[in-house]
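Everything below concerns the one structure shown next.
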Amino acid sequence: MLTVPHLPVTKNYKSLAVLTSGGDAPGMNAAIRSVVRYALAHGLEVYGVNKGYSGLLEGQMEKLLPSSVANIIQRGGTMLKTDRCAAFYKKSVRLEAANLMKRKGIDALVVIGGDGSFTGAHLLEKETGFPTIGIPGTIDNDIAGTEDTIGFDTALNTAIDAIDRIRDTASSHDRIFIVEVMGRSSGFIASEVGLGGGAETILVPEKKVTVAEVCRTIERGIVRGKSSSIIVMAEGEKPGMCTKMALALEKRGYSTKVCILGHTQRGGKPTAHDRVLASVLGASAVAYLLAGRSDAMVGVQEGSVKLVPFRQVVDAGKKLPLDLLTLAQTLAT
Ligand code: F6P
């Protein structure tokens, strides 16, 4: 079971700020709640920054009390709102952000987001010395240095629920369906959704598969008496590519329906797993800051909370184990 590491308090921080950045993920609210209440319990003041790095630059922040984060643990989205802030790629802008926080008496910044957000946090600390710490929050689970990210489990469950429904209608009509899931250029969502949803075929950006190979899999299913088939496809760089695949299959004589799950995977109430993960990682982030550690992300490795330097997180891509695809294929026969 995941627990918050016991660490000696070495820093006399008085105040920290917390923001969410990048795509929202179910469980971000639980993480905010944990950061706020754990920090307050340890005598700190907490500022909630509105709208990620963009809001930070505009000084959009307010002090949070225990009651500010009441009744949010079960809610999807992020009460702090979020943004993808292109301006934060500029060094001068990061310097401005650090100065603004210093003027407000803020000692450290907690960033809940993905690897793009952590790149900003890493550079902020490297260039200005302002302490930052990251909490992995993305449905994609594509962050190096952690086996799990907040929101991934909820997104998997949402997508698998959709596949169960699609399978009902697919089998009633003897149809082939392509279900497109999120994950941008990484196939973590697709491979686990495909395995857990019993998909006949899983297509991920990490493994090139030809249309002819997809047809052969469908054909093998038909030979074994399968009258319907579910193909789970990762969106890749651009959402909607599943329609191209469907057209290619049509051309080869396989009538195919598509269903793009899109942003439905980002919303909804977080699962128990994501709430617990967010609660433990939120508190751990504060505990590490108070122990004088920063420029790093709190992650999960082999069932424990680990502190991973940002430089190892942002420089390394997370490799998808392709074994799951092989297993899914074996089990779908
Ligand atoms: O990174 C999370 C994610 O949901 C990806 O899976 C997806 O490609 C992207 O964000 C969509 O971003 P936006 O909501 O900005 O279109």
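Details
- Length added when fully stretched, GLN301-ASN12, from 0.36 nm per residue minus Cα-Cα: 101.2 nm
- Across LYS11/LYS63; LYS126/LYS318; LYS90/LYS244; LYS126/LYS208; LYS257/LYS318, pairs whose alpha-carbon gap is larger than 28 Å: LYS90/LYS244; LYS126/LYS208; LYS257/LYS318
- Among THR210, THR119, THR201: highest mean-square fluctuation, GNM of the chain, C-alpha pairs under 10 Å: THR210
- Sites matching GluC sites (Glu not before Pro) across the range 32-127 that sit in DSSP coil, with at most 13 neighbouring C-beta atoms within 10 Å: GLU58
- Contact order relative to length of the range 181-333, as percent, for alpha carbon pairs under 8 angstrom and 6 or more apart: 28 percent
- Heavy-atom accessible area, probed at 1.4 angstrom with all protein chains present, ranks LYS238, LYS207 as LYS238, LYS207, highest first.
- Relative to its residue count, the chain spans a Cα convex hull of 122 Å³ per residue.
- Accessible surface, the chain, averaged per residue in Å² (probe 1.4 Å): 44 Å²
- Estimated 222 nm signal from helices in the chain, with DSSP H stretches of n ≥ 4 weighted -39500 (n - 2.57), rounded to 500: -12500 deg cm²/dmol
- When the solvent-accessible area of the range 1-152 is split by element, carbon and sulfur atoms take up 52 percent of it, the probe being 1.4 Å.
- Using R0 = 30 Å, the C-beta based FRET efficiency linking GLU58 and HIS263 works out to 0.70.
- Binned Cα-Cα distance frequencies in the range 175-333 - 10 Å width, integer %: 10, 31, 30, 17, 10, 3, 0
The values are calculated or read from the model by the stated rules, or taken from the named source; none is laboratory data. Everything numeric in this text was worked out from a predicted model, so none of it was measured. Neighbour counts run over all protein chains shown; Cβ positions are idealised from the backbone, glycine included. Just so you know, the surface numbers come from the protein's heavy atoms only, side chains and all, with ligands and any DNA or RNA stripped out. Shrake-Rupley method; radii C 1.70, N 1.55, O 1.52, S 1.80 Å.
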